[in-house]
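The values are calculated or read from the model by the stated rules, or taken from the named source; none is laboratory data. Just so you know, these numbers come straight off a predicted model, no measurement behind them. Here the Cβ positions follow ideal geometry from the backbone for every residue, glycine too, while neighbour counts run over all protein chains shown. These area figures cover heavy atoms from the full protein model, side chains too; ligands, DNA and RNA do not enter into them. Shrake-Rupley method; radii C 1.70, N 1.55, O 1.52, S 1.80 Å.
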Amino acid sequence: MRKRFKYILRIIFILIILSIIVLVLMQFKGKNTSEPKYREIDTIKGYNYELEDRDTELMQDVFKKLKKELSKDDIDYDLYAEYLSELFIIDLFTMNNKDNKYDVGGIEYILDDVRENYQINVEDTIYKYLVEKGNRKEEYPSVKNITKENIEKSEYEFNKETYEAYKVTLSWEYEKDNKYDKKGMVTLIKKDKKLYVVTYEGVKEQ
């Protein structure tokens, strides 16, 4: 009788463990399927720049220019800095295609060492009131055109190292006028063959 009782308890214990495992797997699967998926429509090999099907026509046009420039044997780094800055601004300030405040634009162009700080800063400022997609009642900004106003070569010190740098000043317009920046300066550094955004600063219009 005791042996039979122990056998039944063992079966019950195994069933409980299996039930827990199934529940955990179902929750994990549910989280994965609820996340929106965007299709990659273009990429620049060797640089890890990607274009998704949700990106605007303006962003796609600038991406093509950058891809063409980076395919050359002799890259014009002034143009590289200009196009990358434009992509950064377009992606950052085009918010109507973002899922929520945590879906921060422009992050793939940021230097790895400052990426986390950038993410947190944007979540707490520019994207602070960005409502979850599907629950929106207001229209969010979308950059419709962008212009390089000035580019300046300089140096930038980071982690006790000095890098070749580019300061690119740009101005842009939105599909619908709003309270967000319309002019700013992007600072990029050259690390090996690749450029990275390290800072962005809004510029007051005169």
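Observations on the structure shown:
- Of the DSSP H helices in the chain, those that are both long (alpha-carbon extent of 30 Å or more along the helix axis) and hydrophobic (Kyte-Doolittle mean at least -0.5) are 2-34.
- Of the listed residues D177, D192, the order by accessible area with a 1.4 Å probe, largest first, is D192, D177.
- Among E161, E116, E52, the residue with the largest mean-square fluctuation in a Gaussian network model of the chain, with springs joining Cα atoms closer than 10 Å, is E161.
- The stretch 113-178-the stretch 31-108 distance, computed between alpha-carbon centres (Å): 13 Å
- When a 1.4 Å probe is rolled over the protein heavy atoms, the share of accessible surface on the chain that falls to carbon and sulfur comes to 49 percent.
- Given K128/K191; K144/K193; K64/K148, the pairs whose alpha carbons are separated by over 27 Å: K128/K191; K144/K193
- Rolling a 1.4 Å probe over the protein heavy atoms gives the chain an accessible area of 67 Å² per residue.
- With all protein chains modelled, accessible area of T147 [1.4 Å, Å²]: 70 Å²
- Placing +1 on the Cβ of every Lys and Arg and -1 on the Cβ of every Asp and Glu, with no other charges, gives the stretch 71-206 a dipole of roughly 400 debye about its Cα centre.
- Its Kirkwood hydrodynamic radius, worked out from the mean inverse distance over all distinct Cα pairs, puts the chain at 19.8 Å.
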